[in-house]
Amino acid sequence: MSYKSGLLVLSGPSGAGKSSLINKVADKIGPYYFSISTTTRPMRDGEVDGVHYYFVSEEEFKKDIEAENFLEYALVHGNYYGTSMKPVKEALKEDKLVIFDIDVQGHDEVKNRMGDLTTSVFVTTPSLKVLKERLNKRATDEQEIINRRIEMAKREVQRISEYDFLIINDDLDEAAEVLVSIAKAARMKIPSLEIHQFVHKWEAEG
Ligand code: 5GP
């Protein structure tokens, strides 16, 4: 089977399980590129530079903004996060599905710039209570940071309707199954220009 490229945006509160979901579906969705964001936030225990994020100083980040290297960027929880354009373009050329884990502001920008190639999914816990439990269990962050993430989550869920799909990550296996279907469908999306070309060719061969 031949694969087409596509853009799959995942958003949702920290602690909703986006990373676990992506790991779970990774070998079931064909060739993909997981976009590694650049951030100014401090590295957490267990994180690796160039794997989880590219960790840079605020000064370096601002230079990249000026050079227009970002497809999108946003200030999240007081730190900058951004997606570099170059690897995304290369992955699309190689017919890969590009997967982003970005916030609602980033989704807005990607949708504006990449339009009909974008498929988006909001991932959340079944309730605020479950989110709080998961964040407290993770214990990688201080209470103040956890509280900020909870406040942020409350604001983000208000914008679920901007997304194509909602995944309530209660059971990881079930959520992963849904994500596999969405990822496959994301590759079948046709940019409007291609649709016009297809219709033209379809009629011409009549
Ligand atoms: P965390 O610090 O927990 O890794 O991520 C915090 C938030 O930043 C998450 O909501 C995540 O989706 C978002 N985020 C991560 N990378 C990017 C990015 O490149 N752009 C934007 N807009 N948001 C990002």
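Any residue at all in the stretch 143-165 that is in contact with a His (Cβ under 8 Å, 6 or more places away or on another chain), within 24 Å of residue 36 (Cβ to Cβ) and of a type in the set (Lys, Arg)? Within the stretch 143-165, one or more residues are in contact with a His (Cβ under 8 Å, 6 or more places away or on another chain), within 24 Å of residue 36 (Cβ to Cβ) and of a type in the set (Lys, Arg). Annotation note: Cβ proximity below 8 Å between a residue of the stretch 175-191 that is closer than 13 Å to residue 95 by Cα and a residue that is of a type in the set (Ser, Thr, Tyr) and at pLDDT below 95 (sequence gap 6+ or interchain) occurs for 187/3; 187/5.
Pairs linking a residue in the stretch 1-13 that is closer than 28 Å to residue 155 by Cα to a residue that is of a type in the set (Phe, Trp, Tyr) and more than 9 Å from the ligand (Cβ to nearest atom), with Cβ atoms under 9 Å and 6 or more positions apart or on different chains, are 8/32; 9/163; 10/122; 11/122; 11/163; 12/122. Looking only at residues of the stretch 2-35 that are within 16 Å of the ligand (Cβ to nearest atom) and in a strand (DSSP E or B), we find that the one that is farthest from the chain's Cα centre (by Cα) is 33. Among the strands (runs of 3 or more DSSP E) confined to the stretch 96-186, the ones with at least 1 residues that are small (Gly, Ala, Ser) and surrounded by 17 or more Cβ atoms within 10 Å (Cβ to Cβ) are located at 118-124. Taken over the stretch 63-73, the criterion of being part of a helix (DSSP H, G or I) and under 23 Å from residue 44 (Cβ atoms) is satisfied by 64 alone. So how many residues does the stretch 155-172 have that are free of Cβ contacts under 8 Å to residues at least 40 places away in the same chain and either more than 16 Å from the ligand (Cβ to nearest atom) or closer than 15 Å to residue 134 by Cβ (or both)? Of the residues in that region, 2 qualify.
Hey, among 166, 135, which residue is among the hydrophobic types (A, V, I, L, M, F, W, C), closer than 25 Å to residue 26 by Cβ and under 16 Å from the mean Cα position of the chain (by Cα)?
Matching residue, one of 166, 135: 166.
When restricted to residues that are more than 8 Å from the ligand (Cβ to nearest atom), of a type in the set (A, V, I, L, M) and either closer than 20 Å to residue 18 by Cα or touching a residue at least 24 places away in the same chain (Cβ under 8 Å) (or both), the stretch 36-75 contains 6. Residue count for the stretch 49-68, restricted to those that are under 20 Å from residue 89 (Cβ atoms), surrounded by 13 or more Cβ atoms within 10 Å (Cβ to Cβ) and under 18 Å from the mean Cα position of the chain (by Cα): 2.
The values are calculated or read from the model by the stated rules, or taken from the named source; none is laboratory data. A quick note: this is a predicted structure, and the numbers were derived from the prediction, not measured. Ideal geometry is used to build each Cβ from the backbone, glycine not excepted, and the neighbour counts take in all protein chains shown.
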